[in-house]
Amino acid sequence: MVQVTTGSSFMKVAIIQFPGSNCDTDCQAALASLPGIQAEIVWHKETSLAGYAAVVLPGGFSYGDYLRCGSIARFSPIMRAVRAVAESGVLVLGICNGFQILCEAGLLPGTLMRNNGLLFRCEHLHLRVENNDSPFTSVLHQGQVLDIPIAHGEGNYFADAETLKQLNMNNQILVRYCDASGNVSPEANPNGSLENIAGICSHGRNVFGLMPHPERVCDPLLGGTDGRSIFQSMIEAVAKLNVKS
Amino acid sequence: MKAVVTVMPKPAILDPAGVATGHAMEHLGLKGVRSVRIGKSIEIEVDDADEKQLHEICHDLLSNPVVEDYKLEILS
């Protein structure tokens with residue numbers, strides 16, 4: 001499924017646009033600022049993702065968050081293709097509402113509930129990199145602290161005890177909310193997420209969902225560049241895959 | 001066929017909106033509020049459906065089995 005990129009050709013990344021997505025062009029701009037990337041918006045009624053080396057489900061309020069966040073987008077036509085490419089090992093990144101959609105679709109375990117303080121939280125905060133053995137965190141080091149903003153009302157990660165145990169055992173928790181010094185504490189938890197979870201990957205490690213918005217901190221003019229490391233990791237992972245294939 | 005689906009947070013799940021609403025009830029003078037839980041009620045009218053299909057829809061779309069339970073009532 002992964003298109004081999006050679007010489008001057010571009011690695012193509014699909015950014016899925018649902019009705020109500022609002023971070024799609026931000027993701028496109030963030031990706032386009034990295035060399036060798038061609039980021040294309042793909043409408044949710046499309047049915048194929050052939051030729052794309054990676055897929056991003058951006059943030060926003062797909063279908064107005066009706067019923068539950070992500071519950072209707074999960075049945076959009078493109079989601080069959082997202083599931084198929086995810087199962088074939090293609091990298092799939094879900095940011096904020098994209099994370100909620102991946103959970104609703106069962107591509108990631110658990111769910112995102114209403115923030116425990118009931119408020120929509122929109123602010124910069126810190127994330128500790130818990131694991132760098134993934135295609136999304138490989139250029140980071142374990143324990144590194146990132147400054148990345150959140151903007152959500154439903155980011156309270158929940159999973160049953162057995163699922164949580166598996167996530168820990170398999171090192172699927174990639175980022176947790178922490179303070180500026182990297183301490184994972186209740187005070188640093190903005191929404192009540194279990195164990196301060198901010199982002200998890202699938203068992204196969206090629207699907208990653210996180211509530212914070214890395215695409216919003218990819219340009220110094222916008223207050224930081226810590227988000228670039230996530231996209232940079234993805235690019236390096238795909239490049240390695242292409243060398244192998 | 002008419003049906004009503006009631007979706008509620010599972011008993012073990014904290015419902016912060018319910019708790020906040022309970023506080024407002026106390027502000028209105030209600031005493032001894034022990035628990036307030038907020039769910040959804042979904043009314044469906046459909047020409048042709050069997051119960052099994054409706055249960056699948058309740059499970060896959062109308063509720064999130066990780067944190068919610070549903071009850072399906074067929075009215076007619």
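Counting only strands (runs of 3 or more DSSP E) wholly contained in chain B, the ones carrying 1 or more residues that are within 14 Å of chain A (Cβ to nearest Cβ) and in contact with a His (Cβ under 8 Å, 6 or more places away or on another chain) occupy B:68-74. Within the range A:24-51, being buried (at least 24 other Cβ atoms within 10 Å of the Cβ) and either more than 19 Å from residue A:206 (Cα to Cα) or of a type in the set (Ser, Thr, Tyr) (or both) holds for one residue alone: A:30. Which of the residues spanning the range A:63-100 are within 14 Å of another protein chain (Cβ to nearest Cβ) and of a type in the set (S, T, N, Q)? A:71, A:76, A:100, listed by residue number.
Against the conditions (1) within 14 Å of another protein chain (Cβ to nearest Cβ); (2) at negative phi, residue A:53 satisfies every one except (1). Residue A:163 meets the stated requirement of being of a type in the set (S, T, N, Q) and either over 21 Å from residue A:214 (Cα atoms) or away from chain B (no Cβ under 14 Å) (or both). From the list A:202, A:185, A:229, A:245, the one residue that fits, being of a type in the set (S, T, N, Q) and modelled with pLDDT under 95, is A:245. The single condition among (1) of a type outside the set (A, V, I, L, M, F, W, C); (2) in contact with a helix residue (DSSP H, G or I) (Cβ under 6 Å, 6 or more places away or on another chain); (3) at negative phi that residue A:115 does not meet is (2). Restricting attention to the range A:103-131, the residues that are assigned to a strand (DSSP E or B) and away from every other protein chain (no Cβ under 14 Å) add up to 8.
The values are calculated or read from the model by the stated rules, or taken from the named source; none is laboratory data. Owing to the predicted nature of the structure, the values given are computational and were not obtained by experimental measurement. Using ideal geometry, Cβ is built from the backbone for each residue, glycine included, and neighbour counts are taken over all protein chains shown.
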